[in-house]
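Reading through the structure tokens given below for one structure.
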Amino acid sequence: VRERATRMREQDHAFREAALAHSRMHSQVVVTDFRPLGAIPVGNRFLVFTLFPQATVAVRVQWGPGREKVAVSAGRSIFNRASGANLGVLMSVYGGGGHAGAGACLLPAATADARIAEIVSTLERNG
């Protein structure tokens, strides 16, 4: 735990910069796409909600194991609780799962961008 906490403190600035550089707002949904990065700095997953306080849901995109699939995770804001979307159910549509407040799925790389757009569009309408 001490090593992890030390690494988080050391990489906090880099994580904050990466999150700002690779995040975009889509209505009330903030999408952070870390695929262009070689290595993702370690950081607090809730930080994005302090950087984008208007967001009700955060969608994080990164490479999955072996860069063969794309990992997509979504979570409701811990500050702006306006979202009523059931993220676990939404992610189950794409072969993943979770619970009401958070969910994840792995997408084939070839179709990931289209599926991510569908997820974000659903959250814009219902999230």
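In contact with a Leu (Cβ under 7 Å, 6 or more places away or on another chain) and polar (S, T, N, Q): which single residue out of THR122, THR50 fits that description? Please lay out each step first, then the result.
On the way: THR50 fails: in contact with a Leu (Cβ under 7 Å, 6 or more places away or on another chain).
Exactly one residue qualifies, and that residue is THR122.
Out of all the residues in region 63-78, which are open to solvent by 60 Å² or more (accessible area, probe 1.4 Å) and either under 17 Å from VAL48 (Cα atoms) or touching a Gly at 6+ places or on another chain (Cβ under 8 Å) (or both)? Reasoning before the result, please.
Going residue by residue through region 63-78, those that are open to solvent by 60 Å² or more (accessible area, probe 1.4 Å) are 63, 65-69, 76, 78.
Listed by number, the residues that qualify are ARG76, ILE78.
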Exercise for review: Go through region 71-88 residue by residue and tally those that are under 15 Å from the mean Cα position of the chain (by Cα) and among the charged types (D, E, K, R).
Suggested key: 1
Exercise for review: Assess whether ARG81 counts as being closer than 16 Å to LEU123 by Cα, open to solvent by 80 Å² or more (accessible area, probe 1.4 Å) and out of contact with any strand residue (DSSP E or B) (no Cβ under 7 Å at 6 or more places or on another chain).
Suggested key: yes
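The values are calculated or read from the model by the stated rules, or taken from the named source; none is laboratory data. All of these numbers come straight from a predicted model, not from anything done at the bench. Every residue, glycine among them, receives a Cβ derived from its backbone with ideal geometry; neighbour counts consider all protein chains shown. Ligands, DNA and RNA are excluded from the accessible area calculation, which covers all protein heavy atoms including side chains. Shrake-Rupley method; radii C 1.70, N 1.55, O 1.52, S 1.80 Å.
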